[in-house]
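Here the structure comes first, spelled out in structure tokens, and everything after it is commentary.
The values are calculated or read from the model by the stated rules, or taken from the named source; none is laboratory data. Keep in mind it's a predicted model, so treat the numbers as computed, not measured. Cβ placement follows ideal geometry from the backbone for every residue including glycine, while neighbour counts extend to all protein chains displayed. Side chains are part of the model used for accessible areas, which takes the heavy atoms of the whole protein and leaves out ligands, DNA and RNA. Shrake-Rupley method; radii C 1.70, N 1.55, O 1.52, S 1.80 Å.
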Amino acid sequence: MSPPSAVLILAYGSPESLDDIEAYLLDIRGGRPTSPGLVAEIKDRYARIGGASPLYRITVAQAQATAAVLRDRGFDVPVYTGMRHWQPRIHETVSKMAAAGVRQAVAIVMAPHYSALSISRYWQAIAAANSELADPICFRYVDTWWDQPSLLDAQTAAVADALATVPDWKNQKLKAVFSAHSLPARYLDPGDPYQDQFLGNAQAIAARFDGLDWMLAYQSAGVDGGDWLGPLIEDVIPDLGRQNYDTVLIAPIGFVCDHVEILYDLDIEARAIAEHNGLALIRTESMNTAPMFVAAIADAVMSET
């Protein structure tokens, strides 16, 4: 395959201020109105993490760092960013790329595990944007990249750093909980690889730590009714307390940067649940722009060249 003339890094998007919350939720919900109570609840969450999510700022920094790594490897190409539910919209970025003369590009979502409910919707957004162009861009897609060795190295280093804060952790009542975003189970197609990839990712990391007591959990389930993938972390933590664990180490390997699902759902909500149940909670540092993580992005992109 020929090298791309650009890279497109994609993320979910996040509101830039509390005043944007209602419009952001309307976008996520496909135009369905959000109850005033839920709007107020979400505003409170964002207020408690400083009023806005750092997701966009970090995604831009990840793109810049990836461009630098690719340039060092001989691929001097621009790296663009596009958001699924906020600015800059995917269709806006694709149009910008086309106007700049991009004809071939690799697209990668800042989420390492594939599901048709998540990753494929980014590809659909690109296809819709491309359909409006007189000269569409030829995209190649990184569907999944959880097993990139450099990503596993970065995740392993984060777990090791967290474990280093617990003296003699092997002889402590410590449970490592690997977490990923829950999805509505009723919409998952048979054979969807999301759960298997999440499990494989956790197994690959845990195998590098002799004696690590670990499990999987899902987090940040939506408020809509119906079954979501579980067990949910808010149920797991009290159960660990009942089992007389002293410490829970949360490694949110389904996420690659700090945003509301990390800064509120884990650092505030999960921590409060742990304290209520007599547990100390520690969390691995987010990948953000860690050099090994940026190398993983570049490796995933180059696998499509």
Problem set entry | Inter-residue pairs, beta-carbon under 7 Å, first free of Cβ contacts under 8 Å to residues at least 60 places away in the same chain and in region 238-249, second surrounded by 15 or more Cβ atoms within 10 Å (Cβ to Cβ) and of a type in the set (Gly, Ala, Ser), 6+ apart | none
Exercise. Hey, does region 82-92 have a residue that's of a type in the set (S, T, N, Q), touching a residue at least 40 places away in the same chain (Cβ under 8 Å) and in a helix (DSSP H, G or I)?
Worked result: no
For this session: List every residue pair whose Cβ atoms lie under 7 Å apart, where the two residues are 6 or more positions apart in sequence or sit on different chains, the first residue falls within region 203-229 and is of a type in the set (S, T, N, Q), and the second residue, located anywhere, is at pLDDT 95 or above and open to solvent by 30 Å² or more (accessible area, probe 1.4 Å).
Result: 219/181; 219/232; 219/261; 220/181; 220/261
For this session: Can you tell me which residue among 57, 29, 84 is under 16 Å from residue 142 (Cβ atoms), among the basic types (Lys, Arg) and open to solvent by 30 Å² or more (accessible area, probe 1.4 Å)?
Result: 84
Exercise. Does residue 24 satisfy the condition of being assigned to a helix (DSSP H, G or I), surrounded by 15 or more Cβ atoms within 10 Å (Cβ to Cβ), in contact (Cβ under 8 Å) with a residue 24 or more places away in the chain and out of contact with any Phe, Trp or Tyr (no Cβ under 7 Å at 6 or more places or on another chain)?
Worked result: no
For this session: Would you mention how many residues in region 101-134 are in contact (Cβ under 8 Å) with a residue 40 or more places away in the chain, open to solvent by 40 Å² or more (accessible area, probe 1.4 Å) and under 19 Å from the mean Cα position of the chain (by Cα)?
Result: 1
Seminar exercise, completed: Expected single match for in a helix (DSSP H, G or I), free of Cβ contacts under 8 Å to residues at least 40 places away in the same chain and either out of contact with any Phe, Trp or Tyr (no Cβ under 6 Å at 6 or more places or on another chain) or under 26 Å from residue 268 (Cβ atoms) (or both) among 161, 196 is 196
Exercise. Hey, residue 221 hits all of (1) open to solvent by 60 Å² or more (accessible area, probe 1.4 Å); (2) hydrophobic (A, V, I, L, M, F, W, C); (3) within 26 Å of residue 41 (Cβ to Cβ) but one; which does it fall short on?
Worked result: (1)
For this session: Taking only region 224-245 into account, find how many residues are open to solvent by 60 Å² or more (accessible area, probe 1.4 Å), in a loop (DSSP other than H, G, I, E, B) and modelled with pLDDT of 95 or more.
Result: 3
Exercise. Within region 267-305, which residues are touching a Leu at 6+ places or on another chain (Cβ under 8 Å), within 23 Å of residue 43 (Cα to Cα) and either open to solvent by 20 Å² or more (accessible area, probe 1.4 Å) or touching a residue at least 60 places away in the same chain (Cβ under 8 Å) (or both)?
Worked result: 271
For this session: For residue 248, work out the one condition from (1) assigned to a helix (DSSP H, G or I); (2) buried (at least 22 other Cβ atoms within 10 Å of the Cβ) it doesn't fulfil.
Result: (1)
Exercise. Looking only at region 206-230, which residues are in contact with a Phe, Trp or Tyr (Cβ under 7 Å, 6 or more places away or on another chain) and within 19 Å of residue 160 (Cα to Cα)?
Worked result: 206, 214, 216
Exercise. Scanning for something at pLDDT below 95, hydrophobic (A, V, I, L, M, F, W, C), touching a strand residue (DSSP E or B) at 6+ places or on another chain (Cβ under 9 Å) and not in a loop (DSSP other than H, G, I, E, B), does region 165-188 turn up at least one residue?
Worked result: yes
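Each row is one residue, and each column tells you yes or no for (1) closer than 25 Å to residue 267 by Cβ; (2) assigned to a strand (DSSP E or B); (3) of a type in the set (Asp, Glu).
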| residue | (1), (2), (3) |
| --- | --- |
| 14 | yes, no, no |
| 33 | no, no, no |
| 47 | yes, no, no |
| 66 | no, no, no |
| 71 | no, no, no |
| 75 | no, no, no |
| 80 | no, yes, no |
| 97 | no, no, no |
